[in-house]
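The values are calculated or read from the model by the stated rules, or taken from the named source; none is laboratory data. Nothing here was measured: the structure is a model prediction, and the numbers come from that model. No Cβ is skipped: glycine too gets one built from the backbone with ideal geometry, and neighbour counts run over all protein chains shown. The accessibility values were calculated without ligands, DNA or RNA, using every heavy atom of the protein model including side chains. Shrake-Rupley method; radii C 1.70, N 1.55, O 1.52, S 1.80 Å.
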Amino acid sequence: MYLCHKLINLKHLKNKILLFYPLVNQNRQIPNLPFSILNIERVLRDLPVEVILVDERVERNVKDIINSYKDEWLVVGISAMIGYQMISGKELSEYVKQNTKAKVVWGGWFSNVLPEIALKEDFIDIVVFGQGELPFRELIISLLKDEALSDIKGIGFKQSGQIIINSKAEVHNEEEFPAINYDKVDIKKIIEVNGSNADSKRSLNYIATFGCPYNCTFCCLTTVWGQKTFSKNIDIIIDDIKLFIFKYNVTKISFDDDHFFGNKTFVLNLIQRILDEGIEFEWEANAHISYFLKSYTLEQISMFKKAGCVSIRFGAESGDQDVLNKINKKTTINDILEVVKIMKIADIKCVYYIMVAFPWNPSKDFNSTLNMLGQSKLINPDLEIGVNFFIPFPGTPIYEESKKYGFNGFKSFDDTLSVFFELFVGPWWLKNYRKELYDFIWVYFKYANPNFYKTAENRTTMAIINKIMYPFCYFRLKYNIRSFRFEPKIYFIIKRLVNLFNGSKYDDEKEQMVRCRSWKR
């Protein structure tokens, strides 16, 4: 257990702490548990503070809560990834600074990789980076005792107009911390955040393992975990799964671990427990392609299917072997093609995460990757993909290398937001790849599955479209031909006319060029 501190000579009457999880998206929300603030709450329970958790997706009255305890706030903590959470977090932070004397503390990926930029803002007093539990706990103790912050590892702060970034804190095993208290959030509302639908899956996310042993040069995981990995106690995982299923009627769980399948003994023991106890639910998880192929037999993968696995997500990243080598992926193109075959045999949905247009030779990797995706789709028509254009992420080796190719980096809070909210065009791009990728994903890749119509709402209409489009799409993928793309033009014109006739919205969320992925939970 973590070290317990005695609190003496408390000078503060302020003892309330708000932990705020901002909106991830302005429109549709993902039914994810806010683990970032749940993890922090568990290490504050023995301190003389009252901790209030607010998930903005399901509770929009956070300003009313601030006003209710206006003079009692010690800290307002905000967890923000780079993206929309920064906008919502900024709005609350400015309100807190204008209406209370609380310290505003930011954690999450934005503060983790860009602590100096965060602290340049007047509405942020302190940042927490790395594994946040113990740094945040030590910070609260120091604020309660009116002590200096200079000795607290894992935080940054401002002093006499200067930004000070302390050294990083050590990483601790998950088992050193108390269990999460799920009663601190409204799980029912989180599950039904987009409206209750009796026909849809009641899904939640879960974290069973932490860290990743790999060191991909585009990934900032090592800034938190190094290359250490930990697993939760299997008894705790099983109890949590049962809680979600029997209390909240959850039917599907997404294991959002970065490397769920990384500890073979842990995985096989967990799956065996699920089977032995007869726990019925669907689940999906992330895997590293080469490790997965090397570690698990087809018989074991079939056991995953029996235990409820419906989808495995693989970071394929690229169809260009030169790129895979440069990003230190430890994967080959043959591995990528092999895993999609295995998933087809095992009858488990295979999902690729992909990035295109890296700075070294963007047209080569763009074309090679689409070619690889075409080959994979013809091997396994049920393959699904999530494709993003490569954006250099702070705290990674490629971030610095990209500056050699004209990338300016992130200079400010607003500059960081603009890179992620505007349609990114890398300074190394040799052409605009966006339209070709759009046509590939939403026409050729989609209709190269002769049974795609079975997943659509209007099966009769889609079956006709599918039957007409399939031969063209198969031919395009088979021979890697993407010039003179007349089929998408015709398809989208017809779709506009159909939507105009039936009153639907053409530019719907399924075909937005934000994150072009064809699957969702």
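Data for the structure
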item	result
All positions within segment 252-271 that are in contact with a helix residue (DSSP H, G or I) (Cβ under 8 Å, 6 or more places away or on another chain) and open to solvent by 50 Å² or more (accessible area, probe 1.4 Å)	264, 269
Residues being part of a strand (DSSP E or B) and among the charged types (D, E, K, R) - total across segment 39-61	2
Checking residue 133 against (1) open to solvent by 20 Å² or more (accessible area, probe 1.4 Å); (2) within 21 Å of residue 112 (Cα to Cα); (3) among the acidic types (Asp, Glu), the condition it does not meet	(1)
Any hit, segment 429-452, residues being within 20 Å of residue 364 (Cα to Cα), in contact (Cβ under 8 Å) with a residue 40 or more places away in the chain and open to solvent by 40 Å² or more (accessible area, probe 1.4 Å)	yes
Identity of the residue in segment 469-501, farther than 23 Å from residue 371 by Cβ and open to solvent by 100 Å² or more (accessible area, probe 1.4 Å), that ends up nearest to the chain's Cα centre (by Cα)	496
Residue satisfying all of: in segment 204-222; part of a strand (DSSP E or B) and not hydroxyl-bearing (Ser, Thr, Tyr); nearest to the chain's Cα centre (by Cα) among these	205
Set 207, 187, 141, 180: member being more than 30 Å from residue 280 (Cα to Cα) and at pLDDT 95 or above	141
Residue within segment 453-462 that is outside any loop (DSSP other than H, G, I, E, B), more than 27 Å from residue 371 (Cα to Cα), out of contact with any Lys or Arg (no Cβ under 6 Å at 6 or more places or on another chain) and open to solvent by less than 70 Å² (accessible area, probe 1.4 Å) present	yes
Top-ranked residue of segment 283-336 - restricted to ones that are over 20 Å from the mean Cα position of the chain (by Cα) and acidic (Asp, Glu), ranked as most open to solvent (accessible area, probe 1.4 Å)	299
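Residue-by-condition table, conditions (1) open to solvent by less than 70 Å² (accessible area, probe 1.4 Å); (2) closer than 18 Å to residue 15 by Cα; (3) assigned to a strand (DSSP E or B):
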position: 70; (1), (2), (3): no, yes, no
position: 78; (1), (2), (3): yes, yes, yes
position: 82; (1), (2), (3): yes, no, no
position: 90; (1), (2), (3): yes, no, no
position: 112; (1), (2), (3): yes, no, no
position: 116; (1), (2), (3): no, no, no
position: 123; (1), (2), (3): yes, no, no
position: 137; (1), (2), (3): yes, yes, no
position: 157; (1), (2), (3): yes, no, yes
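So that you can scan it fast, the table gives a plain yes or no per residue for (1) farther than 20 Å from residue 382 by Cα; (2) small (Gly, Ala, Ser); (3) modelled with pLDDT under 95; (4) in contact with a strand residue (DSSP E or B) (Cβ under 9 Å, 6 or more places away or on another chain):
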{"site": "444", "(1), (2), (3), (4)": "no, no, no, no"}
{"site": "458", "(1), (2), (3), (4)": "no, no, yes, no"}
{"site": "478", "(1), (2), (3), (4)": "no, no, no, no"}
{"site": "508", "(1), (2), (3), (4)": "yes, no, yes, no"}
{"site": "511", "(1), (2), (3), (4)": "no, no, yes, no"}
